[in-house]
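S.K.: Sending over a structure as structure tokens; questions will come in a sec.
The values are calculated or read from the model by the stated rules, or taken from the named source; none is laboratory data. Since this is a predicted model, take the numbers as computed values, not measurements. In this analysis, Cβ positions are derived from the backbone assuming ideal geometry, glycine residues included, and neighbour counts consider all displayed protein chains. These area figures cover heavy atoms from the full protein model, side chains too; ligands, DNA and RNA do not enter into them. Shrake-Rupley method; radii C 1.70, N 1.55, O 1.52, S 1.80 Å.
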Amino acid sequence: IELLNDLLYEMKRLDDKNMLVEIQLIESQVYHALHNVPKSKAALTSVKTAGTSIYVAPLLQAQIDMQSGVISSEEKDFNTGYSYFYESFEGFNHLQDQVNAQRALKYMLMSKIMNKQPEEALNLLNSQLTLKYQGRPLECMRDIAKAVKDQNLLGFEKAKEDFEDEIASDANVLAIHVKDLYNTLLEDNLLKIIEPYSEVQLDFVAEQIKLPLHTVQT
């Protein structure tokens with residue numbers, strides 16, 4: 001951050017808007033990695049402001065769209081996040097950047113699942129769009145989408161276990177949302193179990209959901 005601040009100061013003096021946009025985008029990514037979302041969003045706003053007065057190359061625009069989607073997702077606005085990730089996917093796909101196109105596609109699926117639209121995520125996975133991007137990252141999203149669609153907590157746990165490396169390697173985005181998703185799914189499952197009763201024993205609930213008593217009590 002100190003290095004970026006010095007660099008931003010110099011670029012503002014030189015009035016090099018192209019370099020300024022790139023540096024501010026890196027600044028937004030660094031603050032996001034440090035879980036400082038307000039500063040990450042502020043840096044991204046600066047990127048977009050500076051970008052209006054210059055030609056932004058397609059690769060840089062795809063990166064900006066990706067970061068915009070990430071910040072929208074942090075704010076739980078998954079519809080807007082999906083739109084940005086789609087724009088990002090289109091950009092990377094056009095540039096034949098398969099790694100980043102697959103990543104954008106993974107985040108598109110994540111947005112649909114987080115927005116309680118797992119069926120749409122599964123439809124997307126079965127579409128022509130995803131054919132050349134098949135692999136473990138998308139298999140991970142497929143298993144998560146199926147577990148959420150079926151409200152299957154054990155299936156979700158298995159998906160987390162089977163794709164532990166894929167989730168852990170994306171600690172700043174996917175892992176955070178998977179954790180939120182698990183909590184939501186756990187809550188939904190608990191509500192489903194206790195709904196028919198006016199009084200119920202916690203150990204019975206734990207037995208039904210197949211989780212430790214302490215977890216259920218919490």
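S.K.: Please determine, by comparing only the residues of the stretch 163-186 that are hydrophobic (A, V, I, L, M, F, W, C), over 14 Å from the mean Cα position of the chain (by Cα) and in a helix (DSSP H, G or I), which one is nearest to residue 109 (Cα to Cα).
M.R.: Per the stated criteria, the residue is 185.
S.K.: Just to be sure I understand, how many residues within the stretch 96-118 are open to solvent by 70 Å² or more (accessible area, probe 1.4 Å) and either closer than 20 Å to residue 173 by Cα or touching a residue at least 24 places away in the same chain (Cβ under 8 Å) (or both)?
M.R.: The number of residues fulfilling the criteria is 4.
S.K.: Moving to a separate point now. Within the stretch 74-108, how many residues are under 19 Å from residue 27 (Cβ atoms) and modelled with pLDDT under 95?
M.R.: Counting residues in the stretch 74-108 that are under 19 Å from residue 27 (Cβ atoms) and modelled with pLDDT under 95 gives 2.
Residues checked against (1) open to solvent by less than 80 Å² (accessible area, probe 1.4 Å); (2) under 19 Å from residue 174 (Cβ atoms); (3) outside any helix (DSSP H, G or I):
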residue	(1), (2), (3)
8	yes, no, no
22	no, no, no
25	yes, no, no
40	yes, yes, no
44	yes, no, no
53	yes, no, yes
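S.K.: Scan (1) touching a residue at least 24 places away in the same chain (Cβ under 8 Å); (2) in a helix (DSSP H, G or I); (3) closer than 24 Å to residue 32 by Cβ for the single condition residue 189 breaks and write down its number.
M.R.: With respect to (1) touching a residue at least 24 places away in the same chain (Cβ under 8 Å); (2) in a helix (DSSP H, G or I); (3) closer than 24 Å to residue 32 by Cβ, residue 189 is out only on (3).
S.K.: Any chance the stretch 119-136 includes a residue that's modelled with pLDDT of 90 or more, within 11 Å of the chain's Cα centre (by Cα), at negative phi and open to solvent by 10 Å² or more (accessible area, probe 1.4 Å)?
M.R.: No, the stretch 119-136 contains no residue that is modelled with pLDDT of 90 or more, within 11 Å of the chain's Cα centre (by Cα), at negative phi and open to solvent by 10 Å² or more (accessible area, probe 1.4 Å).
S.K.: Another question, then. Considering only the stretch 200-218, state which residues are open to solvent by 80 Å² or more (accessible area, probe 1.4 Å) and either touching a strand residue (DSSP E or B) at 6+ places or on another chain (Cβ under 6 Å) or among the hydroxyl-bearing types (Ser, Thr, Tyr) (or both).
M.R.: Once the filter is applied, which keeps residues that are open to solvent by 80 Å² or more (accessible area, probe 1.4 Å) and either touching a strand residue (DSSP E or B) at 6+ places or on another chain (Cβ under 6 Å) or among the hydroxyl-bearing types (Ser, Thr, Tyr) (or both), the stretch 200-218 yields only 218.
S.K.: Taking only the stretch 160-199 into account, find how many residues are surrounded by fewer than 17 Cβ atoms within 10 Å (Cβ to Cβ), within 25 Å of residue 31 (Cβ to Cβ) and of a type in the set (Val, Ile, Thr).
M.R.: 1
Table: residues versus (1) in contact with an Asp or Glu (Cβ under 9 Å, 6 or more places away or on another chain); (2) at pLDDT 95 or above.
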{"position": "34", "(1), (2)": "no, no"}
{"position": "40", "(1), (2)": "yes, yes"}
{"position": "46", "(1), (2)": "yes, no"}
{"position": "54", "(1), (2)": "no, no"}
{"position": "57", "(1), (2)": "no, no"}
{"position": "69", "(1), (2)": "yes, yes"}
